[in-house]
Each structure stands twice: as structure tokens, then as C-alpha cells.
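The values are calculated or read from the model by the stated rules, or taken from the named source; none is laboratory data. This one's a predicted model, so the numbers in the text were calculated from it and none came from an experiment. Neighbour counts run over all protein chains shown; Cβ positions are idealised from the backbone, glycine included. Protein only, heavy atoms only, side chains kept; ligands, DNA and RNA dropped before computing areas. Shrake-Rupley method; radii C 1.70, N 1.55, O 1.52, S 1.80 Å.
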Amino acid sequence: MIPPEPPQPQLQPPPPPAPPNHVVTTIENLPAEGSGGVSLSASSRASMRQRIRKVLNREMLISVALGQVLSLLVCGIGLTSKYLAEDFHANTPVFQSFLNYILLFLVYTTTLAVRQGEENLLAILRRRWWKYMILGLIDLEANYLVVKAYQYTTLTSVQLLDCFVIPVVILLSWFFLLIRYKAVHFIGIIVCILGMGCMVGADVLVGRHQGAGENKLVGDLLVLGGATLYGISNVWEESIIRTLSRVEFLGMIGLFGAFFSGIQLAIMEHKELLKVPWDWQIGLLYVGFSACMFGLYSFMPVVIKKTSATSVNLSLLTADLYSLFCGLFLFHYKFSGLYLLSFFTILIGLVLYSSTSTYIAQDPRVYKQFRNPSGPVVDLPSTAQVEPSVTYTSLGQETEEEPHVRVA
């Protein structure tokens, strides 16, 4: 009689790889001399600590610098819009957005159209068309409401109320992206907003042109509505680029943004477009605006994926200051030392915010096993794609022990 074969041991799948920006070794968890594993002398530990600090500081500075590139693009958008509206009386915000969406369509939507398989344009539309339709409409109206608000309220009100996008992004990120913040993040946010308030105070003191403000309540409500839609759009964008792809997001925004802005242009702005005194200068301004807007839309997903939607919106607070510094030479604005104080205050807030990591809350079952490593192995259904490690969304990374999880 042949004896039965002994049961084969069940193989565990390898642990999931760490995220690309996840620093596996931190200053706090360096192995001590004499502990299990690699032994390091005091000088080796000090050298490694110094190298890690350099890496983290470099990544933090890169984060701040990338945000300032976005601010410069927003500055270019503001300057070209100001020249079009004030010097050439071309009040065409929907047409300007339409040009940007057409560029996105030509570059990214056509890229999706020539792809094969599940990343093809038609395959994406079959699965998620209604989500991108809503997102395209939100993105278009966010731009329109804020630009429209300048006709009703003052510049100071727009600058202050536009900061409302920051708490909107924080709340949506907390509840929908499960991002958790630390005390230093809130301190950095408060410092950035104080810097913005300093800039608004400087505008009042030097008597910078504030606009008509004929129906201030309507204008303020338009700014709040636009800021809320901006927050929704930015958080939704972060979710898409982290789970899907940047090209898919931009291709779908180009498709539905061009569709809705074309309809809105035909209904609301066709008469204004006919009044534009077309010449080479106006054409050049429209080209400059479209180039800055296309660059902003194309580059922002890269920065959001490297940092977060909250960090990007904090970085954009300096865009008004860049516009003001350009206005000192182009429009002969009066200068105040408070502008420099405001600029450096915002930068300090950005450095504080980027100096430590945020993290994403885990699935409760994984979190329970994480808190009790000696407990039994948790079997998760195959449909639940859960990462058993803490995922960080900013650049100063930390590491936690991964739980023992078996995914069926």
C-alpha cells in the first residue's frame, strides 16, 4: 500500500512593493550596533542619518519648487487675461477655457483613442463616462464663477474668499481619500493663510485697484461657489491620477470640457466674441493664455501625484504675489514691504507643511491586524484590493511595520 503524500506547505504571496516615494529606512529605525541584522558603528549611523536628512531636505525643496512652477503658470494666465480684458476689452472667459480644452482634446484624448485594450477611449467611456462628464462640468464652472466674480466684488474679497478652497480640499481629502494630517500640517496651513492675509492688507494700504464692487454679495457667493468646485475638482483629480492615470484624466477633461464649454460659448458668449477687435496682439495674448493654461493642466497632475492636492493649493497662494511683482513693472503698481513679508511667510508655511508626511488610513481589518501582529492571519476576499502598508502622500517619509496579511 502506497502511503499518502504529505501535504504541501501553503505558499504565502510576496509582500506588496513599497510605493515609489516610500523611504524604507528612516532616521528613527536605523539598526543599532549589536542588534539583529546589520551592525553599524556610531560613525556609520551618523553618516547614514546625514545622508537621509539630505535626501528628505532635497525632496522637500523639490516639492516647494514644483508648486512655484504652477504658481508662475497661474501668474501668466492672470497677466494675459488682464491685458485682454482691460487693454483690448475682450471679456471672453468661456472662449479662453474652450481653447485650453481643445488643446487637451487634441493631445490627450487622441492619445487615448489610439490606445488598445482597457485604456482605449471607448473602453473608458463605457465604464466611467458619467463620472468624467460631471467632472468636466465642475472644472469648467469653477473657472467661470471665479472670473465672473471680478465683475461684482472687489479684488480683496476674491483673494480672501478664494482661500476657501483649502478647507474644502482638506475636508474632502479626509473623508474621501482618507488622508490624515498631523499638527505641523495645520500649522503650515495657518502660516500660509496668514501670509495671504498680509498680502491683502498690503493691497489695502497701498490703494491697489479693487474693482467696482457694485453687487458685493453676489460676487462673494460666486467666489465661494468657484472655490468649492475647485476643491472638488482637485480632490477628484488626485483620486484619478493615483488610481488610474494622468493621461486618462486629461483626455477625459479635454473631451467633456470642450463639449460643455462649446455649448456655453454658443449660448452665453458668442456676442462678446464677435466684438473682439482681432489683430496680431490679441492673437498672441490668446496663444500665451492657452499655452500657460495647457501647461498648468498638464503639469498639475504630476505635482499632485508627487505631493497632494492640499499642498498644490497652498503653493498657488503665491501666484497673486508673482502677478503683483510683474505688475510693479508692467502696470506701475505701488510697492510695499508687506508684499515681501507675505511671500516669505507663505514659503515658510509651505516648508512646514512639506516637512513631514501625511498618511492614508487603512482598511479596518488591516488596521486591526496591524495593531495586533501576533494575531491570526486575516483572509481578505479577492475583490478587496487593500494595501497592508501605510501609504504616505508627502515627501518626508516614515516607515511602519507591515502587518501579516494573506490576500486570497
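Here are some notes:
- Annotation: ASP320 carries an accessible surface of approximately 50 Å², with a 1.4 Å probe and no ligand, DNA or RNA atoms counted.
- The largest accessible area among GLU272, GLU237, GLU118 belongs to the first residue in GLU118, GLU272, GLU237, and the rest follow in falling order (1.4 Å probe, all chains).
- Taken along the Cα-to-beta-carbon direction at a fixed 7 Å, the label points for ALA65 and LEU330 span 2.5 nm.
- Each residue of region 144-151 was assigned a 3J(HN,Hα) from its phi angle through the Karplus curve 6.51 cos²θ - 1.76 cosθ + 1.60 (θ = phi - 60°); the sequence is 5, 5, 5, 5, 5, 5, 4, 7 Hz, with glycine and proline shown as x.
- Hydrodynamic radius of region 212-254 per Kirkwood, over alpha carbon pairs, in Å: 12.1
- Area accessible to solvent at LYS271, 1.4 Å probe radius, in Å²: 140
- For region 306-317, Karplus couplings with θ = phi - 60° (6.51, -1.76, 1.60), whole Hz, Gly/Pro x: 7, 10, 5, 5, 5, 4, 5, 5, 5, 5, 6, 5
- Between the amide H of THR358 and those of THR393, SER394, distances stay under 5 Å, these residues lying 5 or more places away or on another chain, with hydrogens modeled in the peptide plane.
- Approximating the spin labels as points 7 Å out from Cα along Cα→Cβ, the ILE267-to-MET48 distance works out to 6.3 nm.
- Which of CYS163, CYS326 is most accessible, then next, and so on - probe 1.4 Å: CYS326, CYS163
- Table column - 3J(HN,Hα) (Hz), region 243-260, Karplus curve with 6.51, -1.76, 1.60, x for Gly and Pro: 9, 10, 7, 5, 5, 5, 4, 5, x, 6, 5, x, 5, 6, x, 5, 5, 6
- Against the criterion of solvent-accessible heavy-atom surface with a 1.4 angstrom probe, ARG128, ARG115 sort, most first, into ARG115, ARG128.
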